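A.B. asks: This is the structure I want to talk about, given as C-alpha cells.
The values are calculated or read from the model by the stated rules, or taken from the named source; none is laboratory data. Here the structure is a predicted model, which means the values were calculated and not measured. Please note: Cβ atoms are built from the backbone with ideal geometry, for glycine as well, and neighbour counts cover all protein chains shown.
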Amino acid sequence: MSLSKLLTRSIIVGFSTLWLATTALATVGVTDSEILIGSSLVLSGPTQDLGQGMKSGYELVINKVNAAGGIHGRKIKLVVKDDKYEPLVSNENTKALINNDKVFSLFGYVGTPTTNASVPVINESKVPLLGMFTGAEIFRKPVNPLLFHVRASYYQETEKLVKHFTEDLKLKKIAVFIQQDAYGNAGRDGVVAALQKRGLQLAAGGAYERNTMNIDVGYTAIKGAAPEAVVLVGAYKACAAFVKKAKADGLKARTANISFVGTSSLVAEMGADGDDTYVSQVMPNPWKSQLQVVQDYRKDMEASGNKKLDYTSLEGYVSALVLVESRKSAGKDLTRENFQDAIRKVNTDIGGIKINFNGSQFAQDSVYLTKIKAGEVLDVDKME
C-alpha cells in the first residue's frame, strides 16, 4: 500500500474514532438548542386537579424561560405523560420517558404511590428527579441521591397539625383517615410519630381505596371511637366526602388535611360543610401572600388566562424556578452529574422563599397552617 493511501486511511479511521467517542460522550436529552425533561403525573380521573394544577404552574415558568431564549441557548422541551394516579402506569411512563423519549432528567411527579413505583427505574437508569409533589418519608430516609425535594415532608406537616391540636385545643383523642396506599401510610406514620412524641396513641384509623369514593367502612371505624380530631390523608373528593358525612352525622371531631389534598378542589367539594377545616400547607397563600414570587405567580397566571389560583400550581411554579436556577448553575456543558451537583449548591432567595439545598437533597422545610372559612383559605397562627 502506498504511503498516501495509508495516510488517508489513518485519517479516516481517526475521524471515525473521534466521531464515535464524541457521540458516546454526548449527554442524553441535550442538543445545542434543546433540553428534554420528562414528567409523569395524574391528568385524568378523580384526582386530576392535582396533576393539572402542578403542570399549569410549571408550564408558566418554562414557557416564560423559553420565550426569553432558554437557558444557555437551550429551550426546555417537556414530555408529559398521564399516569392516572396509578403506580403501574407511572412505572411504564417512566420507562418510556427514559428509554424511548431519551429525556435528560425527570421533573414534577405527583403522588407517593406513583413516584414510588418509578423509583426502581430511576435508580437503575441514574436519571435524577426534581420537584416531586409528595412529602413521603420513604423518599427521604434513607436518602436517595437521585431524588431532589423542594417541599417539606409529610412528617413535618403532621407534626404541625398534631402540635396545634394538642397545644391549642388540648385534644388527645386523635384519629387518622387515609388513602390505602403508600401516601396514606406515610401520613399515618407521621401522625403516629407526632402522637408518640407527646405520649399519646392513635385513637382510631380508617381507610378508603385510591381513586374511589368508598369511605363508609373507614368512616364507621373512626366514628365508633368518638375521636376529638381526625387528620385526613387523602385526595380532595374522598376527604370532602368524609367531612360532609361527619357534619351530617353530627360527629363533633375537628378535621385537618395535609397539603397534598388539593386545597382549592377540597374547598369546592366541601361547600359550606368545609368551615373550620384546617389544612397544612408547604407553600405561601396563593391568593393573599405579598411575597414577590407569589405576586409574580398571580401575574403570570392572569397573563396566561388561567384564573384558577391554588397551592398546587404555585408549588409547580416554585419547583420550576428551582429547576431553572439549577440549569443555569450547571453551565452550558450540561451532564446529569453536574446538574445534580448544581442542585445541591443552590442557595438563593426565590422572591421571598429561601431555597438552600446546602449540599443535600432538600431545599426547604416551611409548613403553614390554614383554615377554611366561608369558602376562603385563611392563614392562621393557631387553632381555635
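A.B. asks: Quickly run through the stretch 26-45 and pick out the residues that are touching a Gly at 6+ places or on another chain (Cβ under 9 Å), under 27 Å from Asp333 (Cα atoms) and surrounded by fewer than 18 Cβ atoms within 10 Å (Cβ to Cβ).
C.D. replies: The answer is Asp32, Ser33, Glu34.
A.B. asks: List the residue pairs whose Cβ atoms are under 7 Å apart, where the first residue sits in the stretch 185-203 and is of a type in the set (Val, Ile, Thr), the second is crowded, with 20+ Cβ neighbours inside 10 Å and assigned to a helix (DSSP H, G or I), and the two are 6 or more positions apart or on different chains.
C.D. replies: Here the result reads Val191/Thr158; Val191/Val162, each pair linking the stretch 185-203 to a residue that is crowded, with 20+ Cβ neighbours inside 10 Å and assigned to a helix (DSSP H, G or I).
A.B. asks: Tell me, please, whether a residue that is farther than 23 Å from Lys75 by Cα, hydroxyl-bearing (Ser, Thr, Tyr) and loosely packed, with under 14 Cβ neighbours inside 10 Å can be found in the stretch 355-363.
C.D. replies: First, pick out the residues of the stretch 355-363 that are farther than 23 Å from Lys75 by Cα: 355-363.
Now drop any that are not hydroxyl-bearing (Ser, Thr, Tyr), which leaves 360.
Filter once more, so that each one left must be loosely packed, with under 14 Cβ neighbours inside 10 Å: 360.
So far as the stretch 355-363 goes, yes, one or more of its residues are farther than 23 Å from Lys75 by Cα, hydroxyl-bearing (Ser, Thr, Tyr) and loosely packed, with under 14 Cβ neighbours inside 10 Å.
A.B. asks: Something else: Which ranges mark the strands (runs of 3 or more DSSP E) fully within the stretch 33-152 that have 1 or more residues being among the polar types (S, T, N, Q) and over 25 Å from Asn347 (Cα atoms)? Even if it seems obvious, please write down each step before you answer.
C.D. replies: Values: elements: 34-41, 75-82, 105-107.
Because the criterion is at least 1 residues that are among the polar types (S, T, N, Q) and over 25 Å from Asn347 (Cα atoms), the strands (runs of 3 or more DSSP E) in the stretch 33-152 that meet it are 34-41.
A.B. asks: Another question, if that's okay. Using beta carbons and a limit of 7 Å, which pairs, at least six apart or on different chains, have the first residue in the stretch 237-254 and under 27 Å from Tyr85 (Cα atoms) and the second one assigned to a helix (DSSP H, G or I) and among the hydrophobic types (A, V, I, L, M, F, W, C)?
C.D. replies: Cys239/Val261; Cys239/Leu266; Ala240/Leu266; Ala240/Met270; Val243/Met270; Lys244/Met270
A.B. asks: Of all residues in the stretch 267-315, which are among the polar types (S, T, N, Q), surrounded by fewer than 16 Cβ atoms within 10 Å (Cβ to Cβ) and in contact (Cβ under 8 Å) with a residue 24 or more places away in the chain?
C.D. replies: Gln292, Gln295, Ser304, Asn306
A.B. asks: When you scan the stretch 303-323, do you find a residue that is assigned to a helix (DSSP H, G or I), farther than 24 Å from Gly205 by Cβ and more than 19 Å from the chain's Cα centre (by Cα), even just one?
C.D. replies: yes
A.B. asks: All but one of (1) of a type in the set (D, E, K, R); (2) outside the structural domain of His164 (by TED's automatic domain parsing); (3) outside any strand (DSSP E or B); (4) under 30 Å from Gly187 (Cβ atoms) hold for Lys371; state the number of the condition that does not hold.
C.D. replies: (3)
A.B. asks: Now for a different question. Ala175: surrounded by fewer than 17 Cβ atoms within 10 Å (Cβ to Cβ) and on the phi < 0 side of the Ramachandran plot, yes or no?
C.D. replies: no
A.B. asks: Same structure again: Would you pick out the residues in the stretch 99-141 that are within 17 Å of Asn338 (Cα to Cα) and either within 16 Å of the chain's Cα centre (by Cα) or crowded, with 23+ Cβ neighbours inside 10 Å (or both)?
C.D. replies: Answer for the stretch 99-141, where residues must be within 17 Å of Asn338 (Cα to Cα) and either within 16 Å of the chain's Cα centre (by Cα) or crowded, with 23+ Cβ neighbours inside 10 Å (or both): Val103, Phe104, Ser105, Leu106, Phe107, Pro128, Leu129, Leu130.
A.B. asks: Of these, Pro46, Pro87, which one is in the same structural domain as Glu302 (by TED's automatic domain parsing), over 15 Å from the mean Cα position of the chain (by Cα), of a type outside the set (Phe, Trp, Tyr) and modelled with pLDDT under 95? Even if it seems obvious, please write down each step before you answer.
C.D. replies: Numbers: Pro87 fails: modelled with pLDDT under 95.
After ruling out the rest, the residue left standing is Pro46.
A.B. asks: Name the one entry in Ser289, Ser265, Ser259 that is under 24 Å from Lys64 (Cα atoms) and among the hydroxyl-bearing types (Ser, Thr, Tyr).
C.D. replies: That would be Ser289, the only listed residue that is under 24 Å from Lys64 (Cα atoms) and among the hydroxyl-bearing types (Ser, Thr, Tyr).
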